[in-house]
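Just below is one structure, and these are the notes that go with it.
The values are calculated or read from the model by the stated rules, or taken from the named source; none is laboratory data. Values in this document were obtained by computation on a predicted structure and should not be read as measured data. For neighbour counting, all protein chains shown are included, and Cβ atoms are generated from backbone atoms with ideal geometry for every residue, glycine included.
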Amino acid sequence: MRKSKVLEKLRAGEVATCFKTNFTDARIVEMIGLAGFDCVWTCYEHCGNDLAAIERQIYAAKATNMDIVVRVSKGSYSDFIRPLELDATGIMVPHLMSADEARDVAWKTKFHPVGRRPADGGNADGGFLFYPVDRYMADSNHEKFVICQIEDPEAMDQLDEIAQVEGIDMLFFGPGDFSHALGIPGQMKDERVLDAWKRTGEACQKYGKFAGTVATPGNVEQLHDWGYNFLNMSSDVGALYNYLPQMLKAFDAVR
């Protein structure tokens, strides 16, 4: 089983870099890997992906020795484990609300002795049955990671308990939806958002969890100081959003 570049860096106390893709094109994923990122984040929650598109993105990530995390739809165990069986390095479960829910996610996504993830082994992550089952399960527990997103005030009431749940490898703070849940959408510098952002990083440090979040060039050092060591910087749609108006403005001199 391929070793996770993200986990290797995080376990060594280093920062792991990530870039988000909203599009389905595997070539974009390959470009992100060639640029040198440790991980690409693709989405099955908000974007028009299907599992066939995600499978192509996974192969593109593997071709450049880059991790890939799939943000899943929040549903049954099948919704959680199918990206893992396609050989995604990790999954991200959105809108975690409680410690009980975190325990349920771990139960469904980790193999024995941590959980009871249903076993197949006949897919890409199990080497299409060429991987001994005991090694497959042990290596999967060690090299695949499960992220839960903290993006609602309700989760903050149980933050310490959530951060102690075995089988959840990382908590990922989402400031955008957190601000929305407070009724102040987009106001990510509001003190209530900043306080929750900082508290989540500190809880991860206290209980031995990895901490992830979205970053900008302007706040990356602050986030690192708060304990965040898995940082997503920008996205393909964000890059085009910033780049396209600049290119269009270049025509102003001739029109």
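Summary table below
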| quantity | calculated |
| --- | --- |
| Candidate set from the range 76-99 (those that are among the acidic types (D, E) and not in a loop (DSSP other than H, G, I, E, B)); member that is modelled with the lowest pLDDT | D79 |
| Some residue of the range 239-255 being basic (K, R) and surrounded by 14 or more Cβ atoms within 10 Å (Cβ to Cβ) | no |
| Residue check for E143: within 19 Å of H112 (Cα to Cα) and either modelled with pLDDT of 95 or more or surrounded by 23 or more Cβ atoms within 10 Å (Cβ to Cβ) (or both) | yes |
| Cβ pairs under 6 Å, 6+ apart, first in the range 73-87 and among the basic types (K, R), second in a helix (DSSP H, G or I) and crowded, with 20+ Cβ neighbours inside 10 Å | none |
| Pairs where the first residue, in the range 10-39, is in contact (Cβ under 8 Å) with a residue 40 or more places away in the chain and aromatic (F, W, Y) and the second is surrounded by 22 or more Cβ atoms within 10 Å (Cβ to Cβ) and part of a strand (DSSP E or B), C-beta under 6 Å, 6+ apart | F19/V40 |
| Test result for T200, free of Cβ contacts under 8 Å to residues at least 60 places away in the same chain and touching a Pro at 6+ places or on another chain (Cβ under 9 Å) | no |
| Set A106, A138, A102, A119: member being surrounded by 14 or more Cβ atoms within 10 Å (Cβ to Cβ) and either part of a loop (DSSP other than H, G, I, E, B) or of a type in the set (K, R) (or both) | A119 |
| The listed residue being at pLDDT 95 or above, more than 20 Å from C148 (Cβ to Cβ) and not in a loop (DSSP other than H, G, I, E, B), out of G33, G13 | G33 |
| Selection status of M66, of a type in the set (A, V, I, L, M, F, W, C), in contact (Cβ under 8 Å) with a residue 40 or more places away in the chain and surrounded by fewer than 21 Cβ atoms within 10 Å (Cβ to Cβ) | no |
| Residue within the range 101-112 that is touching a Leu at 6+ places or on another chain (Cβ under 9 Å), in contact (Cβ under 8 Å) with a residue 60 or more places away in the chain and closer than 29 Å to V214 by Cα present | yes |
| Test result for Y131, part of a helix (DSSP H, G or I) and in contact (Cβ under 8 Å) with a residue 24 or more places away in the chain | no |
| Filter result (modelled with pLDDT of 95 or more and touching a His at 6+ places or on another chain (Cβ under 9 Å)) within the range 43-75 | R71 |
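Condition check ((1) hydrophobic (A, V, I, L, M, F, W, C); (2) part of a helix (DSSP H, G or I); (3) crowded, with 23+ Cβ neighbours inside 10 Å) across all residues:
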site	(1), (2), (3)
A155	yes, yes, yes
E161	no, yes, no
L171	yes, no, yes
D177	no, yes, no
G183	no, no, no
M188	yes, no, no
C204	yes, yes, yes
